Amino acid sequence: MSTTLVIGATGTVGSAVLHELVQRGVSVRAVSSRAAAASSAGVEWVRADVVSGAGIADAFNGVSRAFVLVPPGHANQHELVIPLVEQAKRSGLEKVVLMTAFGANANPQAPLRLAELALEASGLNYNILRPNWFMQNFNQAWLPGILASGKVHLPVG
């Protein structure tokens, strides 16, 4: 059975991807920059740090596919993602799914677009996801305010 690498497996999106893959019977190697959790049925947890690069080569070793999230809180995301794309190529992955953001292609010099362009030029099979809204905003972050007021308050007209 092939294994799928999930980078950012402890975040909101990454944990949902991890859960869905496990539900479908996919073998998963889950990456976290924090101490690795105990592995469980279908999930092998490994510690690797996208920012420093520590453990990344080992994380990619023996996997066939990867789901890559752009780490939040960094201005030059391409500097973090491009080494992951290069490692995926060195490791001979069958496919990489990269999640960036809505509008990432608006400026060819934007960091997210540079990351996408590196993946596009890599020769790997890939998909790029550009979400623009997350329903989790309603049922997690904003739920207390919605329940308290009976309204959804958004900074829009």
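For the structure I just gave you, tell me whether residue 98 is hydrophobic (A, V, I, L, M, F, W, C) and farther than 22 Å from residue 17 by Cα.
no
Applying the set (1) buried (at least 20 other Cβ atoms within 10 Å of the Cβ); (2) more than 22 Å from residue 33 (Cα to Cα) to residue 105 leaves exactly one unmet item: (1).
Out of curiosity, is residue 15 among the hydroxyl-bearing types (Ser, Thr, Tyr) and over 24 Å from residue 131 (Cβ atoms)?
Numbers: among the hydroxyl-bearing types (Ser, Thr, Tyr): yes; over 24 Å from residue 131 (Cβ atoms): no.
Taking the combined requirement at face value, the residue does not satisfy it.
Going through (1) at pLDDT below 95; (2) in a strand (DSSP E or B) one by one, residue 34 falls short only on (2).
State the number of residues belonging to the range 95-119 that are of a type outside the set (S, T, N, Q) and assigned to a loop (DSSP other than H, G, I, E, B).
Of the range 95-119, the ones of a type outside the set (S, T, N, Q) are 95-99, 101-104, 106, 108, 110-119.
Narrowing the set further to residues that are assigned to a loop (DSSP other than H, G, I, E, B) leaves 101-103, 108, 110.
The number of residues fulfilling the criteria is 5.
So that you can scan it fast, the table gives a plain yes or no per residue for (1) of a type in the set (A, V, I, L, M, F, W, C); (2) closer than 30 Å to residue 29 by Cα; (3) surrounded by 12 or more Cβ atoms within 10 Å (Cβ to Cβ):
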{"residue": "114", "(1), (2), (3)": "yes, yes, yes"}
{"residue": "123", "(1), (2), (3)": "no, yes, no"}
{"residue": "130", "(1), (2), (3)": "no, yes, yes"}
{"residue": "140", "(1), (2), (3)": "no, yes, no"}
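Of the numbered criteria (1) within 22 Å of residue 26 (Cα to Cα); (2) of a type in the set (Lys, Arg); (3) more than 14 Å from the chain's Cα centre (by Cα), the one residue 90 fails is (1). Filtering the range 37-94 to residues that are assigned to a loop (DSSP other than H, G, I, E, B), open to solvent by 60 Å² or more (accessible area, probe 1.4 Å) and either among the charged types (D, E, K, R) or touching a Pro at 6+ places or on another chain (Cβ under 6 Å) (or both) leaves 76, 94.
With the requirement that a residue be under 17 Å from residue 32 (Cβ atoms) and over 14 Å from the mean Cα position of the chain (by Cα), what does the range 62-72 give you? Steps first, answer last, please.
So the first thing to find is which residues in the range 62-72 are under 17 Å from residue 32 (Cβ atoms), and the list is 63, 66-72.
Once the filter is applied, which keeps residues that are under 17 Å from residue 32 (Cβ atoms) and over 14 Å from the mean Cα position of the chain (by Cα), the range 62-72 yields only 63.
The values are calculated or read from the model by the stated rules, or taken from the named source; none is laboratory data. This one's a predicted model, so the numbers in the text were calculated from it and none came from an experiment. Ideal geometry is used to build each Cβ from the backbone, glycine not excepted, and the neighbour counts take in all protein chains shown. Only protein heavy atoms, including side chains, enter the accessible area calculation; ligands, DNA and RNA are left aside. Shrake-Rupley method; radii C 1.70, N 1.55, O 1.52, S 1.80 Å.
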